[in-house]
Amino acid sequence: MLHYVIRRLLLMVPTLVGISLVVFLLVGLAPGGVGAALRGAGTGGGGAGGGGAASFDAGTRAAMEAYLDERYGLADPVLVQYGRWLARVSPIKFGPRDLVAPDGEVVRRPGAVREPPAWRLFADALPRGTGEAERSGGAAGGADTPAAFARLRAAHATARAAATRTRGELEAALVAYARAAGLPEPADADGRLRPGIFEGRAPRADLPEWAVARIAAEAALSAFAEAERTRGALLAAFDRGPLPSAGFWVLPGLVSVASPDLGVAFSKNRPVSALMAEALPVTLLLNLLALPFIYLVAIPGGALAAARAGTWVDGALGGLFVALWSVPAVWAGVLAVGFLASERHLGLFPASGLHAAGADAMAFLPGPGVDGGWEAGYLLDLLWHVCLPVACLAYGGFAVLSKQTRAAMLETMGRDHVRTARAKGLGPREVLLRHVLRNSLLPLITMFVSVFPAMLSGSVVIERVFSVPGMGSLMIDAIQMRDREVLLAGVLMVGGVNVLALLLADVLYAAADPRVTLG
Amino acid sequence: MPLLEVRDLAVSFGGADRAAAEGGGRAMAVDGASLTVYPGQTVAVVGESGCGKSVTAMSLLRLLPSPPARIERGIALFRHGGGQGGGAASVDLLTLPERALRRVRGGQIAMIFQEPMTSLNPVYTVGDQIIEAVLLHQPETARTPGGARAVALAAMEEVGISDAARRIDAYPHQFSGGMRQRVMIAMALACRPSLLLADEPTTALDVTVQAQVLALLREIQRARGMAVVLITHALGVVAENADVVCVMYAGRVVEYARVTDLFDRPLHPYTRGLLACVPPLDGGSGTLAGRLRTVREVVDDPAEFARLVGHERGLRPWWPWHEPPTGVGTESRLVEMEPGHWVALWATSGAREMPAPAPDLPDRFPQAETAAGGLVRTGRLHSQG
Amino acid sequence: MADRASHRAGPWGEAWARVVRRPGAACALAWLGVVAFFAALAPVIASGHPLVWTQRGADGAARRTFPLVEHLSAWDLVLAVGVPIAAVVLALPGRALGATRGERWRWVVASGIQAGITVAVCGLARAVLGEASAVTAGVIAAVVGGAGWLLPIVGRPGARAVMAVAVALGCVAACHLGSRVPLVDFDRYAQAEASGGATGVYTLIPWSPGQGRTDWYVKPPGWRVEAERGAASGGGAGGGRVFVLGTDALGRDVLSQMLHACRLSISIGLVSTGIAVAIGVTLGALMGFFGGWVDAVLMRLVEVVMAIPVLFLLIVAVGVLPTEWRTTHALMVVIGCVSWTGAARFTRAEFMKLRGQEFVLAARAAGLPLRSVLGRHILPNAVTPVLVDASFAVAAAILAEATLSYLGLGPPEQASWGALLAGATGTVGDFVWWLAIFPGGAIFLTVLSYNLVGEALRDAMDPRRRARTDLA
């Protein structure tokens, strides 16, 4: 059994990789790619910087795009981007280890700074005195303390940002110059400068755009040099290990194991793992509460329908469950919110959220309140808020499960061992409970397999309707903000939970049926 | 004193499908079956597939699913607590209230089935299933810890399952076919019933295992004085194990006699046809050299019918595929042609004059000798499995 | 009578006869018929353009125009005329037009496909050749559409007549119409009437789905529009019109939107399921027949797609598309590409089961090529469970579209039940009940109908069903 579980867990990895690849490709290969999405092209008003992007001037836009390219590596092909993301997310890392800052953020080795485009045209504008001196000069003392290291990081970050910004501006200026010089098609579809476009052509210093480009080039080159210098210093300090390293070595120098780094959410500027840690428990709470509820209602319902098969009870129950199944989750949620929850109608339940305002101040269990009245307490308040969402999640599962129960029980009832049990003299109730139900439970466990993904799907909508801050809401917001990191991490989490649930179902099945041995 | 008297049992099957497809009406699976079982006796019910023998047995315990199946008429008088002595009350199984019938099932009348593979619940251990039966009918065993388990163990050992103490906690799928049938028998007999209905208990087993199981049944029967209704389609089994034989066809009893009388002097052409299918070891008389006659040939042969005593008085054996004599319709009559030998005849006027009491034979043959000359093994056989 | 008819039909015909007999399924089919009716005829029943517009010119003479017809798109016209004709052709009893009902179904389907191809080709030709070449485009389309006559299905004169009508219709529609007039100002009709210069005869529901005014914001059902200013000419001018089911947040009539949304839901349901079945059966057949590494690789793909809950995948797939790409067609393709795993698994299982059976070996031993074995012998058997499941798949696709529309990810500018539903709680703090009950009810009834039909079909095709619950 243990072997089987371990093997299945290992098989999960390719599945998860596959899931992330599918989503990554979806996001990356969409028209315009992630870049266009992040730049807000076509969102028509959604997303940070979306509607406003088109109204910036070319230089600022270029700077913004350069920033995004830098941060997300958007200039590279999709598969390279994926590889980079995978390397970050995988717990098994190759090469030197990253460092961990005191606040938990993972500090990676600074990557190379990109050169300004077509800088050779302006080679004479290179600032003097850069180079080795500065690189080794950064080895000056005082760089070993975390504070000094943080200063170095900050310096590099600033320099890098400046280099990026000036590079963007240079690119825009070069495009303008190329157009003025009559060069055909200087920019590609994304507005980036085509490489090699100036090959073999003499610079047209007479054009006003040339002067603009030159000034931009000077700024870009000096910023680049500064960024290179600070990078050198940072690298040297990095290798001296001022902060604790992330993870631990498996093969020293080559392979290490560290916690996966899911990145930082673009739209919220918080680490994705923190967002997940807040949202995932909420979604799991809703689904896990709904699950036993479903089984509690569906199994007796199905058993009753099977016991009274062919009578009006069976027909009525069947019809009721089909009708319940057909009710769209959106409709149920909207009706529930509208009629049961809003103050204008019944107002029985809270309309949104998981906690009342000021819930944090409440005691956990019900007891006497602050002003002498009776206070419900945190737990009861939570349960009260969770009632409607869980009910809306659960009702869909009733139909599926009860129908399966009924079918399984009817099939079992026709089997020979039930006839033997009756021939032994057992009454109808014992026969039903001990011989029919027990044998019918086996397919119900595997039913779990299809119920759980459906519920996870449903919880997206329910969370939106009831404004519950779970994974569903997170994902929808991420879609509208085009936040790739959150999307990927979210899909990964949900897919992982799903696959784990399937594994659990298999293990339970093996435990329940003595004929099955997991190979 | 007979233990069980079945008189004119009729069971029909019907339902929505049938009604729509065949223009209404129900199908009579059993149409007027009668038999009598005495304590310690083995009555074999013989016939081909579809003749109604299983339905007869299952309707005694009312195990048939009742929307499609319906008991049209008949009584089945069973003597509660009937053993060798007399004097216990008789009840009609067909009209007994459900609760009382449940006490009879398993406790007084036990039934074992054809397919041991599927007749045991795969998710419970064998011991659990036997103990369940024990606790149901002998609740006093529950008072002592391990009391019911001890009874179950004893039952398993009695049917010849070696290493019963370990095997009692095994699952059905861990047993072989023959062993499973032994488990079924153990489960059936754990509560010491006075009558065992065995519905083709060995059909699904191979021949050697078949012989072992039958020998086991005979042994237990002799030890406890239990009566057995043995449903089978194998004449060899009948010859070796039965005291009284009831031949059925198309839901009616066609012939009813002692086993010796039946094999020596079959009266109904169908029975003669069945026996003619058995290849004679000596090249036999009455058959075409080197060729077996089919049942159809025998039954359709007018000469066979003419052999019936009383043919000149207009007595014709009942056979549903022949034209009935004029004015008879579909009615048949189980007539005692010779003392202790009943045959089904068309209900002609001649037949109506003949005596037709309900078939009733109290004979029991000691196990060692049967006139048919079959080999009989005595003593218990230990299982090898 | 039913038996005799089913005798001639195959197992599907028998199953269908059994389905129609169940009361629940019969009601479901009735509702679906209603939805299909509105899907075809909605632009003609519910439009803000008047049917007949009589303008009194300065010279006193009355000029009559037909704005509604001018604003219909080619598809609208084809459906509005074609579907009633098809319904009449199918409803004729017995052997009308020289053919049985089953054959007439095939004609109708073939004609529909032909008309569709004609319209599509015409549209394509016009897009390529430019607006001015309407006649050229029409000729091309007629040629392509007429090629349908070569189909073996069109053997009889009756079929030819029906097909000819269909193709002609398609050509006419596509040539004459085909350009969608952008934003129309519906107010001018009301103003013209108020000023007394014109009268119009309106359709049954005198609102277009896109026609809204801010002062009609969220009006309850039964609200009556007051007459325009200057109605001294005596009421009725634009006034007196009722919003039968109320309006939404943009002042648009709910009933009109609901009727137009019928088309969206039916088309998305059927086309997505068709795509999903096509992909699923193909992949499943490949996996089941070849086994080995093909099976291993494709099975991983199936697992990956199954591991992500459908709605998540849909949201991601649709959400990354820029808004102008989120057309109905794109949505159909996306939904289809996400829901194929069920069909693939069914087909794979059936293929694996049938692959080892003897009739396949016999066919191959007789030298039949692989393609023939697959297509003629295995595929028809293997596809049965998929087709039985198809009705549920359509229901799921409709639910998916409604959910996406609710979340705002559906096709923009397109009337949709889900989008209407979103308006119920959209306005903060207020619950608009008519936006919740009616569109939601329509979704519910449609999904319920497909589910009931699917259940009835499944029961009818399963020979082992014993306990019948003939209620539903």
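The values are calculated or read from the model by the stated rules, or taken from the named source; none is laboratory data. Predicted model, so just to flag it, every value in this text is computed and none were measured. All Cβ positions, glycine included, derive from the backbone under ideal geometry; neighbour counts span all protein chains shown.
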Query raised in the report: Does any residue of segment C:271-291 turn out to be within 14 Å of chain A (Cβ to nearest Cβ), crowded, with 22+ Cβ neighbours inside 10 Å and not aliphatic (A, V, I, L, M)?
Result: no
Query raised in the report: Within segment C:301-342, how many residues are farther than 18 Å from A:Gly495 by Cα and not hydrophobic (A, V, I, L, M, F, W, C)?
Result: 9
Report summary line: Within segment C:319-337, residues being facing chain A (nearest Cβ under 10 Å), in contact with a helix residue (DSSP H, G or I) (Cβ under 8 Å, 6 or more places away or on another chain), over 19 Å from A:Ile19 (Cβ atoms) and not aliphatic (A, V, I, L, M) number 2
Query - Counted residues, segment A:482-511 - those being closer than 13 Å to A:Met1 by Cβ and facing another protein chain (nearest Cβ under 8 Å) - result: 0
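Sort out which residues of segment C:374-402 are among the β-branched types (Val, Ile, Thr), surrounded by 21 or more Cβ atoms within 10 Å (Cβ to Cβ), out of contact with any Lys or Arg (no Cβ under 8 Å at 6 or more places or on another chain) and modelled with pLDDT under 90, and write them in order of number.
Residue satisfying the conditions is C:Val386 alone.
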Query raised in the report: Of the residues C:Val304, C:Val316, C:Val294, which is in a helix (DSSP H, G or I) and more than 7 Å from chain A (Cβ to nearest Cβ)?
Result: C:Val294
Query raised in the report: Does any residue of segment B:190-199 turn out to be among the aliphatic types (A, V, I, L, M), modelled with pLDDT under 90 and outside any loop (DSSP other than H, G, I, E, B)?
Result: no
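So which of A:Thr145, A:Thr130, A:Thr164 is surrounded by 14 or more Cβ atoms within 10 Å (Cβ to Cβ), among the polar types (S, T, N, Q) and either modelled with pLDDT under 75 or closer than 27 Å to A:Ser256 by Cα (or both)? Explain how you work it out, then say what you get.
Values: A:Thr145 fails: surrounded by 14 or more Cβ atoms within 10 Å (Cβ to Cβ); A:Thr164 fails: either modelled with pLDDT under 75 or closer than 27 Å to A:Ser256 by Cα (or both).
Only one candidate qualifies: A:Thr130.
Answer yes or no: is there a residue in segment B:137-157 that is touching a residue at least 40 places away in the same chain (Cβ under 8 Å) and in contact with a Leu (Cβ under 7 Å, 6 or more places away or on another chain).
no
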Query raised in the report: Does B:Thr125 qualify as being β-branched (Val, Ile, Thr), without any contact (Cβ under 8 Å) to a residue 12 or more places away in the chain and either within 30 Å of A:Ala510 (Cα to Cα) or more than 8 Å from chain A (Cβ to nearest Cβ) (or both)?
Result: no
Requested in this report: Name the single residue, out of those in segment A:414-468 being buried (at least 18 other Cβ atoms within 10 Å of the Cβ) and outside any helix (DSSP H, G or I), that is nearest to the other protein chains (Cβ to nearest Cβ).
Outcome: A:Gly425
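Go through segment C:400-421 and count every residue that is of a type in the set (A, V, I, L, M, F, W, C), at the interface with chain A (Cβ under 8 Å from one of its Cβ atoms) and more than 16 Å from C:Gly269 (Cα to Cα).
Narrowing segment C:400-421 to residues of a type in the set (A, V, I, L, M, F, W, C): C:400, C:402, C:404, C:407, C:409, C:415, C:417, C:419-421.
Filter once more, keeping what is at the interface with chain A (Cβ under 8 Å from one of its Cβ atoms): C:402, C:407, C:409, C:421.
This time we only want the ones that are more than 16 Å from C:Gly269 (Cα to Cα), so: C:407, C:409, C:421.
Residues flagged as of a type in the set (A, V, I, L, M, F, W, C), at the interface with chain A (Cβ under 8 Å from one of its Cβ atoms) and more than 16 Å from C:Gly269 (Cα to Cα) within segment C:400-421 amount to 3.
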**Report entry** Where a residue in segment C:291-317 is assigned by TED's automatic domain parsing to the domain that holds C:Arg345 and its partner, wherever it lies, is of a type in the set (Lys, Arg) and assigned to a helix (DSSP H, G or I), with Cβ under 9 Å and at least six apart
**Finding:** C:Gly291/C:Arg355; C:Asp295/C:Arg348; C:Leu298/C:Arg348; C:Met299/C:Arg348; C:Val302/C:Arg345; C:Val302/C:Arg348; C:Met306/C:Arg345
Report task. Identify the single condition in (1) at pLDDT 85 or above; (2) among the aliphatic types (A, V, I, L, M); (3) under 30 Å from A:Ala501 (Cα atoms); (4) surrounded by 15 or more Cβ atoms within 10 Å (Cβ to Cβ) that A:Leu354 does not satisfy, given that it satisfies every other one. Result -> (1)
Requested in this report: Would you confirm whether any residue within segment B:257-268 is modelled with pLDDT under 85 and either crowded, with 23+ Cβ neighbours inside 10 Å or in a helix (DSSP H, G or I) (or both)?
Outcome: no
**Report entry** Boolean, B:Gly286 is modelled with pLDDT under 80 and either under 26 Å from B:Tyr38 (Cβ atoms) or over 25 Å from the mean Cα position of the chain (by Cα) (or both)
**Finding:** yes
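Can you give me the number of residues within segment B:325-366 that are assigned to a loop (DSSP other than H, G, I, E, B) and basic (Lys, Arg)?
Just the residues of segment B:325-366 that are assigned to a loop (DSSP other than H, G, I, E, B), to begin with: B:325-331, B:339-340, B:347-348, B:354-366.
Those left that are additionally basic (Lys, Arg): B:364.
The qualifying residues number 1.
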Requested in this report: For residues that are part of a loop (DSSP other than H, G, I, E, B) and free of Cβ contacts under 8 Å to residues at least 60 places away in the same chain, scanning just segment C:54-79, find the one that is farthest from C:Pro43 (Cα to Cα).
Outcome: C:Asp59
